[in-house]
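The block underneath contains the structure these notes are about, expressed in structure tokens.
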Amino acid sequence: MQDTDVKHSTFTIERILPASKERSFAAWANPDSKQRWFACHDDWKTVEYKLDFKTGGTESNLIQTPSGNRHVFDARYYEIVPNERIIYAFGMYVNEIRVSVSLVTVTFESFVQGRTKMVFTEQIVLLKEPGKDGFSLEGEVRGRVEGTEAGFDRLEKELA
């Protein structure tokens with residue numbers, strides 16, 4: 001494997017959520033709530049979703065795009081401290097091809113007037129798809145950030 005076949009990046013998103021730490025954390029822990037806000041595109045259809053929210057538990061989300069592509073999010077939870085912190089790792093697949101592996105840390109802090117400061121940090125290993133001539137680190141990370149931000153927009157609406 002050439003060094004251009006793997007690229008690394010990290011990004012952090014901070015949000016002030018319109019709810020207490022307990023309600024904000026619960027939106028991650030409750031399968032019905034998480035499935036509602038977790039999608040990154042309105043026109044993508046959830047085919048199958050499972051959440052076993054506990055240390056050592058897993059989460060999987062199979063999505064189909066309007067063009068027929070299948071995206072899979074496959075995660076394992078490594079640490080959950082209720083109302084404080086979530087640490088998980090996940091693989092992202094497009095049509096059965098793993099395109100990235102990430103480590104995520106989410107923290108929750110009480111903020112003014114019953115709101116919560118949520119800090120989401122994702123460390124990504126991007127993998128070049130077989131047969132492709134190359135890929136843009138900036139473009140891939142920008143797409144990941146935009147999708148994550150869209151999900152957090154939905155999370156804010158879920159908590160409002």
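Things to note:
- Theoretical ellipticity at 222 nm over the chain - DSSP helices of four or more residues, -39500 (n - 2.57) apiece, nearest 500: -8000 deg cm²/dmol
- For the range 1-116, averaging the sequence separation of C-alpha pairs within contact (under 8 Å, six or more residues apart) and dividing by the residue count gives a relative contact order of 22 percent.
- Relative contact order (percent, whole number), the range 46-94, Cα cutoff 8 Å, 6+ residue spacing: 30
- Overall form of the range 72-160 per C-alpha gyration tensor (a/c, 1.5; a/b vs b/c): prolate
- Viscosity 1.567 mPa s, 4 °C: Kirkwood-radius Stokes-Einstein D of the range 1-49 over Cα pairs, µm²/s: 91
- Among (i) 1.30; (ii) 1.05; (iii) 1.19, the entry that matches Cα Rg over 2.2 N^0.38 Å as calculated here: (ii)
- Contact order relative to length of the range 58-120, as percent, for alpha carbon pairs under 8 angstrom and 6 or more apart: 22
Read-outs throughout are calculated quantities, based only on the coordinates presented, and are distinct from any laboratory measurement. Given the structure is predicted, the values throughout are model-derived calculations rather than measurements.
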